[in-house]
Amino acid sequence: MLSRRSFVAGSSASAFGCLCHTRNAASQAFGSNPIRFCTELVMTDVKLAQSLAVDENPRNQTVESRGANAEALSLTEKKWNPDRRTLSVDFIDSPPFIDKVIKAAVGWHDTMSLRFQFGKGSPDILVSFVDGGGSWSYIGTDSKYYAGKSIPSMNFGWFNSTTPDNEFRRTTLHEFGHALSLIHEHQHPGSSISWKKDAVYAYYSNLGWDSAKVDQNIFGKYDITQVNGSAYDRTSIMHYPIPAELVMNPTDVVGWNDNLSPNDRVVMASLYKRTPGKLPT
């Protein structure tokens, strides 16, 4: 299991790399689909991160009980206050496809009590579009710290005018899922993926990862006390593709999840419950 400290300080970049929605490099993943790196980021200053999280949502102090149907993953200590209703989202740049990002992001709206407000200033989430910088997001309330300092808390590094709509949707939903405190589903403590370890090391070696990085980002699992969730959900938007050559059991192959799964909706509804009479506008 991954300890809280190893998760927060597991690399010098404070990041867990992934291939959630894939980038250019050896195009060995799923035929013609290029590989794209996506990364979830967390603050290295654990005490400051916890202080900010508790200030935002006092319930972040303790691990809350997990409902039997809450099957996506979320860090327990970085959730937004479910009663605040809105999260302000601003953009460093205004590319011509920005409306597609907004349209995809609001796909989370009908699952929760929170709403994103775009371009209102004083952002909780600050988005950039640095080409070649990969796609990544800080987890949950960590975003507010960086956005408040005018430092991007989220980046989309491969979007352009020719990006297919389903790529806008899956990548945007995934990164905003991180910003809402969800983490990577393949590291679910209840998963039992039948990895071919030698093949996995070779596969990621072609992408520049050494064995330690593979151990940390692929084979490592979160402890159940770190997450809100129960059963592993291979259809989650927070999962990324697993090609057949990397697993022994064909049922462990994961395709291109580009929509919210039923369980994604359940877990978000449990994290940010709609309160009668307090529904966001």
In terms of the Cα gyration tensor, with a ≥ b ≥ c the square roots of its eigenvalues, is segment 113-221 rounded because a/c is under 1.5, prolate because a/b exceeds b/c, or oblate? prolate
Leaving out ligands, DNA and RNA, what percent of the accessible area of segment 111-266 is carbon and sulfur, probe 1.4 Å? 50
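Averaged per residue, what accessible area in Å² does segment 67-207 show with a 1.4 Å probe, protein chains only? Could you put the intermediate results ahead of the total?
On the way: 5040 Å² over 141 residues.
That works out to 36 Å² per residue.
Restricting to segment 76-168, compute how many DSSP beta bridges are antiparallel as a %, nearest 5. Could you put the intermediate results ahead of the total?
Details: 2 of 11 bridges.
Roughly 20 percent of the DSSP beta bridges within segment 76-168 come out antiparallel.
By per-residue mean of other Cβ atoms within 10 Å, what is the highest-first order of 77-89, 202-214?
On the way: 77-89: 19.7, 202-214: 15.0.
So the peptides 77-89, 202-214, ranked by packing, come out 77-89, 202-214.
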Phi-based couplings in Hz for segment 189-199 (Karplus 6.51, -1.76, 1.60; Gly and Pro marked x): x, x, 6, 9, 5, 7, 4, 8, 4, 4, 5
Remind me, relative contact order of segment 121-218 in percent, using alpha carbon pairs under 8 angstrom and six or more residues apart? 26
For segment 46-170 the mean separation of alpha carbon contacts under 8 Å (6+ apart) over residue count, i.e. relative contact order in percent, is 25
Mind scanning Lys78/Lys103; Lys47/Lys149; Lys103/Lys144; Lys100/Lys120; Lys196/Lys221 and naming the pairs with a C-alpha gap bigger than 20 Å? Lys78/Lys103; Lys103/Lys144
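Report the relative contact order of segment 134-281, percent, no decimals, based on alpha-carbon pairs under 8 angstrom and at least 6 residues apart.
On the way: 162 pairs, mean separation 34.8, N = 148.
The value is 24 percent.
Could you calculate the FRET efficiency of Lys47 with Ser192 from 1/(1 + (r/R0)^6), where r is the beta carbon distance between them and R0 is 30 Å, rounded to 0.05?
Details: r = 35 Å, r/R0 = 1.15.
Computed FRET efficiency for Lys47 and Ser192 comes out at 0.30.
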Using a 1.4 Å probe on the protein heavy atoms only, what accessible surface does Thr225 show? Give it in Å² to the nearest 10. 70
Under 5 Å between amide hydrogens, which residues at least 5 positions from Gln117 or on another chain qualify, with H placed 1.01 Å from N in the peptide plane? Leu87, Ser88, Val89
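By the gyration tensor of its Cα atoms, with a ≥ b ≥ c the square roots of the eigenvalues, what is the shape of segment 81-155: rounded for a/c under 1.5, prolate for a/b over b/c, or oblate? Numbers along the way, then the final one.
On the way: a/c = 1.71, a/b = 1.25, b/c = 1.36.
Judged from the Cα gyration tensor, segment 81-155 comes out oblate (a/c at least 1.5, b/c at or above a/b).
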The answer for the net charge of residues other than Val214 whose Cβ lies under 13 angstrom from its Cβ, with Lys and Arg +1 and Asp and Glu -1, is 0
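The values are calculated or read from the model by the stated rules, or taken from the named source; none is laboratory data. Because the structure is a prediction, the values reported are computed rather than measured. So basically every Cβ, Gly included, is an ideal-geometry build from the backbone, and we count neighbours across all protein chains shown. Quick note on the areas: whole protein, heavy atoms, side chains included, nothing else; ligands and nucleic acids left out. Shrake-Rupley method; radii C 1.70, N 1.55, O 1.52, S 1.80 Å.
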